[in-house]
1. Tell me the Kirkwood hydrodynamic radius of the chain in angstroms, computed as one over the mean inverse distance between distinct C-alpha pairs.
2. Could you order the peptides 47-53, 5-11, 57-63 from most to least packed, using the average number of other C-beta atoms within 10 Å per residue?
3. Mean residue ellipticity at 222 nm from the helices of the chain, using -39,500 (n - 2.57) per DSSP H segment of n ≥ 4 over the full residue count, to the nearest 500 deg cm²/dmol?
4. So what's the angle, to the nearest 10 degrees on a 0 to 90 scale, between helix 7-26 and the longest Cα principal axis of the chain?
Amino acid sequence: MGFQVNIFTAIIMLIVGIYDVSYAINRRHQPNKRPIYAYSILGAVFIIGGLVLLILQLLGIKVK
């Protein structure tokens, strides 16, 4: 059974990742830094995952 990647899922992951990173950048001057680090790490994970899914979709590769 192959795993087909949906292009809309990849685009949504990219949007969520960019939103999380921008949220972290806008809140970087607040005194409590722990949530900012969490949002930036989560945003980076979503951006990398979205890019991987988008590349897999564009190349037509099925994950087994």
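Taken together, the values in this text are just the output of simple stated rules run on the coordinates, not laboratory data. All values reported here derive from a predicted model rather than from experimental measurement. All Cβ positions, glycine included, derive from the backbone under ideal geometry; neighbour counts span all protein chains shown.
1. Working: mean 1/r = 0.0795 Å⁻¹.
Value: 12.6 Å, from the Cα pair sum.
2. Numbers: 47-53: 16.4, 5-11: 14.0, 57-63: 11.0.
Order by mean packing, descending: 47-53, 5-11, 57-63.
3. -25000 deg cm²/dmol
4. Its long axis makes an angle of about 10 degrees.
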